[in-house]
Amino acid sequence: MTDEFTDRFGFRRSEVSLGNWRLAPYSAWSFQNAVELVPSAVIAASVGSEEPAADPSWLLSEPFSQASPETMASFLERSHTDALVLMKDGRFVADFHAPHHENRSRHIVFSISKSLTAILAGILQEEGALDPEAPVVSYVPEVAGSAYGDATVRHLLDMAVALDFDESYLDPESDFARYRRAMLWNPQIPGRAGETMLGFLASLKKAQGGHGAPFRYRSPNSDLLGIVVERASGRRYADLMSERLWMPMGAKADALVTVDSEGTARAAGGVSVTARDLARVGELMRCGGTANGRRVLPETWVHDTLTGGDSDAWRNGDFAHLLKDGRYRNKWYETGFSNRAFFAIGIHGQWLWIDPEAAVVIVRFSSQPEPVDDPLDLECIQLFGQVARLARG
């Protein structure tokens with residue numbers, strides 16, 4: 001005899017643990033319920049009700065790309081898509097949710113959290129509370145003896161820190177596994193003292209060469225940026241996000257962010273949100289920082305984010321094989337496409353895609369088994385282009 005949970009997900013809740021929550025098939029549930037596994041802080045939203053989901057059927061029977069006859073419905077199932085939400089001209093026009101996912105389900109967005117953290121930095125920069133050219137140690141002196149001892153906040157923002165660290169997502173013996181234990185995402189090792197996030201960051205060593213170009217993707221930079229933002233503002237990360245972004249933007253549901261044993265937010269990857277609220281962030285960026293007729297983000301910061309990336313740093317960096325003309329600025333990606341599309345992305349298939357030319361915002365949540373899947377990422381870029389074309393009519 002099975003219960004409703006098992007019928008829906010194909011396994012028992014008791015089977016999900018801190019040791020397997022990022023693995024298939026358990027991730028189909030845990031990516032919506034990280035709060036049950038990792039301590040989390042609430043990012044409060046305004047009081048308000050969400051509109052009913054928009055019918056996605058007009059989209060699902062279409063080819064998922066111009067180069068393939070496979071339908072979108074088939075592609076979304078094949079690619080472990082949990083949700084696909086589409087905005088056109090500021091209106092929700094399609095809400096697809098897999099059977100195990102609902103319109104108001106919060107989903108962890110992994111490294112899209114970095115892009116949200118950078119928004120907070122941009123707000124503080126405009127107010128004069130945060131100087132991107134200042135040394136990191138002027139805000140967090142505890143990292144003086146680490147790789148960050150001679151880095152600037154700008155180096156954090158643009159992933160230009162010379163950091164001796166490898167993003168080895170699947171190696172249980174790597175520094176990355178130690179990093180995940182410090183953030184409470186992995187089980188602690190019996191008999192070994194636990195670390196805090198800040199303690200871990202303060203232990204990281206510098207790689208050969210100086211800070212600056214090329215683009216070097218290292219997640220600890222963004223967790224340290226979260227601490228910088230807290231120190232500069234005097235506010236906890238979750239409270240600052242609520243007060244300066246979530247409520248002013250008009251988010252309809254509370255968000256969450258995982259925290260370590262000291263309450264330090266996982267600013268690089270721990271945020272969970274609904275698909276529609278993430279789409280609202282994309283629409284905010286598309287509109288130059290305004291929402292509902294109200295300025296939420298500095299226009300100059302949005303412009304810098306969408307135009308200020310270093311092309312040479314990208315071409316010589318870690319992700320040039322995915323987008324040859326891409327750029328990276330303030331933890332957002334510029335595609336280099338003629339339509340000026342830009343995006344935020346997280347492992348296991350999380351996307352926030354904005355096409356300014358088509359006035360389209362697309363959110364994709366996924367529980368795809370592999371943390372990084374370059375061929376599938378390229379297919380998703382085809383998908384977004386096709387969705388934007390269809391939305392334009």
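The values are calculated or read from the model by the stated rules, or taken from the named source; none is laboratory data. The shown structure was predicted, so the numbers you read here are calculated from the model rather than taken from an experiment. All Cβ positions, even for glycine, are placed from backbone atoms using ideal geometry, and neighbour counts span all protein chains on display.
For residue 61, the requirement of being hydroxyl-bearing (Ser, Thr, Tyr) and surrounded by 17 or more Cβ atoms within 10 Å (Cβ to Cβ) is not met. State yes or no: is residue 115 assigned by TED's automatic domain parsing to the domain that holds residue 367 and under 17 Å from residue 267 (Cβ atoms)? For residue 115, the condition - assigned by TED's automatic domain parsing to the domain that holds residue 367 and under 17 Å from residue 267 (Cβ atoms) - is met. Name the residue that is nearest to the chain's Cα centre (by Cα), counting only residues in the range 234-257 that are farther than 20 Å from residue 364 by Cβ and crowded, with 24+ Cβ neighbours inside 10 Å. Ranking the candidates gives 257 first. Screening the range 71-188 for helices (runs of 4 or more DSSP H) wholly inside it with 3 or more residues that are out of contact with any strand residue (DSSP E or B) (no Cβ under 6 Å at 6 or more places or on another chain) and of a type in the set (Val, Ile, Thr) returns the ranges 112-127. Of all residues in the range 248-268, those satisfying the criterion of being under 25 Å from residue 355 (Cα atoms), in contact with a strand residue (DSSP E or B) (Cβ under 7 Å, 6 or more places away or on another chain) and not in a helix (DSSP H, G or I) are 250, 255. Among the residues making up the range 322-332, a single one is within 21 Å of residue 112 (Cβ to Cβ) and modelled with pLDDT under 95: 322. Answer yes or no: is there a residue in the range 203-218 that is closer than 27 Å to residue 141 by Cβ, in a helix (DSSP H, G or I) and touching a residue at least 24 places away in the same chain (Cβ under 8 Å). Looking through the range 203-218, none of the residues is closer than 27 Å to residue 141 by Cβ, in a helix (DSSP H, G or I) and touching a residue at least 24 places away in the same chain (Cβ under 8 Å).
Number of residues in the range 229-246 that are touching a strand residue (DSSP E or B) at 6+ places or on another chain (Cβ under 9 Å), within 18 Å of residue 289 (Cβ to Cβ) and of a type in the set (Lys, Arg) equals 0.
Restricting 351, 314 to those that are of a type outside the set (Lys, Arg), out of contact with any Gly (no Cβ under 8 Å at 6 or more places or on another chain) and buried (at least 21 other Cβ atoms within 10 Å of the Cβ) reduces the list to 351. Among the residues that make up the range 181-188, is at least one of them over 22 Å from the mean Cα position of the chain (by Cα), surrounded by fewer than 19 Cβ atoms within 10 Å (Cβ to Cβ) and touching a residue at least 12 places away in the same chain (Cβ under 8 Å)? For the range 181-188, residues over 22 Å from the mean Cα position of the chain (by Cα), surrounded by fewer than 19 Cβ atoms within 10 Å (Cβ to Cβ) and touching a residue at least 12 places away in the same chain (Cβ under 8 Å): present. Note on the range 56-103: residues that are without any contact (Cβ under 8 Å) to a residue 12 or more places away in the chain and touching a Leu at 6+ places or on another chain (Cβ under 7 Å) amount to 1.
Only a single criterion out of (1) of a type outside the set (Ser, Thr, Tyr); (2) at pLDDT below 95; (3) more than 27 Å from residue 265 (Cβ to Cβ) is not satisfied by residue 47, namely (3).
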